[in-house]
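Enquirer: Here it is: the structure, laid out below.
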Amino acid sequence: MRRVLFAAVAAFLASGCTGGSIGKDGGEDTGLPGELLGIYVTPEEVVLSVGGQGQLRATGMFADRSTMELTHLVAWHSSKRAFVEVSNSFDQEGSISGVAVGQSVVTASLQGVTSVPTNVAVTDAQLLGVTVRPESLVVELGQTIQLEAEAAWSDGSRGDAAAQARWITDDGSVAQIEAGGLLTAAGVGTTTIH
């Protein structure tokens with residue numbers, strides 16, 4: 001099989017969100033595939049600067065073993081809104097903002113099911129850089145790989161930055177990159193992801 005080489009991967013922080021919403025009422029006609037058993041939120045830990053933003057995503061697990069993106073359907077809650085605000089506004093669901101230095105846990109809930117808490121820390125430290133893993137890779141045509149991005153702060157803290165990063169490819173005919181760092185090999189060649 002032909003392989004595609006991806007080298008020198010880098011990411012820069014920015015916020016992102018996706019569109020659409022069905023509703024959060026938890027009523028009978030929700031459009032869900034069946035009984036909701038659990039909700040998991042990614043990333044599990046986030047570090048933001050004061051005034052910084054990020055994006056959380058919620059995925060539901062159902063009795064029929066299927067999963068479904070629920071970011072726009074769940075009700076989001078921050079345990080300490082003085083430190084971290086989380087949006088339930090249309091087309092901004094799951095968007096988090098660092099208000100003041102401190103920590104909060106954010107949860108997502110739907111139909112009486114609540115996610116495991118996501119820890120969000122807000123710091124006044126400066127962003128030193130973002131490390132993307134893997135730094136280089138070879139993938140087969142059509143293969144999908146999840147890239148990881150970790151932010152390093154001047155106070156020594158680190159946090160997952162994949163959902164907050166703005167991912168860019170130099171050549172979309174070779175690799176396509178989605179919000180959150182999901183890379184798909186689209187053609188033969190070499191490209192750089194920023």
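Enquirer: Could you sort Ser79, Ser95 by their accessible area in this structure, using a 1.4 Å probe and putting the largest first?
Expert: So the residues, ranked largest to smallest area, are Ser79, Ser95.
Enquirer: Continuing with this model, one more query. For the range 31-120, give the magnitude of the charge dipole about the Cα centre (Cβ charges: +1 Lys/Arg, -1 Asp/Glu; no others), in debye to the nearest 20.
Expert: It comes to approximately 200 debye.
Enquirer: Also, I was wondering about something else. Where a ≥ b ≥ c are the square roots of the eigenvalues of the C-alpha gyration tensor, would you call the range 46-194 rounded, which needs a/c under 1.5, or, failing that, prolate if a/b is larger than b/c, or oblate?
Expert: Since a/c reaches 1.5 but b/c is at least a/b, the shape of the range 46-194 is classed as oblate.
Enquirer: In terms of solvent-accessible area of protein heavy atoms at a 1.4 angstrom probe, what is the ranking of Met68, Met61, highest value first?
Expert: I get Met61, Met68, largest accessible area first.
Enquirer: With every protein chain left in place, what is the accessible area of Glu45 in Å² (1.4 Å probe, nearest 10)?
Expert: 110
Enquirer: If I take every Cα pair under 8 Å that is 6 or more residues apart in the range 21-132, average their sequence separation and divide by the length, what percent do I get for the relative contact order?
Expert: 31
Enquirer: Of His194, His72, His77, which has the most accessible area with a 1.4 Å probe, and how do the rest follow in descending order?
Expert: His77, His194, His72
Enquirer: I would also like to ask the following. How large is the Kirkwood hydrodynamic radius of the range 115-170, counting all unique pairs of alpha carbons, in Å?
Expert: For the range 115-170, the Kirkwood estimate is 13.4 Å.
Enquirer: Take the alpha-carbon centre of the range 73-151, take the same for the range 153-194, and report the distance between them in whole Å.
Expert: Value for the Cα centre distance between the two parts: 16 Å.
The values are calculated or read from the model by the stated rules, or taken from the named source; none is laboratory data. None of the values given here were measured: they were computed from a predicted structure. FYI the Cβ positions are ideal-geometry reconstructions off the backbone, even for glycines, and counts take in every protein chain you see. For the accessible areas, the whole protein counts, side chains as well, though only heavy atoms, and no ligand, DNA or RNA atoms are used. Shrake-Rupley method; radii C 1.70, N 1.55, O 1.52, S 1.80 Å.
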